[in-house]
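Have a look at the structure below before the remarks.
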Amino acid sequence: MLLRKSVFSLLIIIFVFGLGTNILFNSASALAATTDWQLITGPTVKVHAVIKPYINITINSPATIQSNLSVEGPAVVFDCNQGPGTYQSLYPLTFCIISNTAFQLQFEATSLVEQNTKSSISPGQLSVRFNDPSASSNTFSAFEEGKKKIIFETNQGASFTTQCDFQLDITYEDKAGTYEGAIFVEVLYQPTS
């Protein structure tokens, strides 16, 4: 009885193996017959992309001032409370720059004018230091009356965040009071055609 069951089991295994092999080989040849593809060359699709120059400069400061020059925006604030000398701004400006093209970042400072007496402090007493991550040293440089100052320049795209510091030189001739002025920020780039 045991021999009969073994022979029967062996016959079932041989039958299943034979059937599986037959299906495998016959399906492969049937698949090969139905997948006899031929290549016909179609038209060429051209790809055209126009990438426009992009420059995004964001200026942030913990201090903001609303003035008649513009709506509320970032401000450079000095607390000159120790008499004549050089004062650092209370907070640096934080610049976030993203660009895919070459550009120049330019600043132009106006005179600081006292609100009541109309006394003024010349732009030459105001200095700026832009912390250029690619420069080995960043020093303060004074503004000049009516002249734009190149603060940062790149001949390729750029993406970084940095700080810009200011200092103000006060002399004994600068009268006490609240002074206001402006720093105009401009970006110069050459559009591609």
Checklist line | Global geometry of segment 120-161, whether rounded, prolate or oblate, following the gyration tensor of its Cα atoms and the 1.5 cut on a/c | finding: prolate
Next item on the list: Please give, to one decimal in nm, the separation of the simple spin-label points placed at ILE65 and THR162, each 7 Å out from Cα toward the Cβ.
Entry: 2.5
Checklist line | Potential extension, ASN155-TYR54 segment - 0.36 nm per residue separation minus Cα distance | finding: 35.0 nm
Next item on the list: Order by neighbour count: PHE140, PHE95, PHE184, fewest other Cβ atoms within 10 Å first, most last.
Entry: PHE184, PHE140, PHE95
Next item on the list: Please give the net charge around ALA109, taking every other residue with its beta carbon less than 11 angstrom from that of ALA109, where Lys and Arg add +1 and Asp and Glu add -1.
Entry: 0
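Throughout, read-outs are computed from the coordinates displayed, never taken from laboratory work. Bear in mind that the values here come from a model prediction, so they are computed numbers and not experimental data. Cβ: placed from backbone, ideal geometry, glycine included. Neighbour counts: every protein chain shown.
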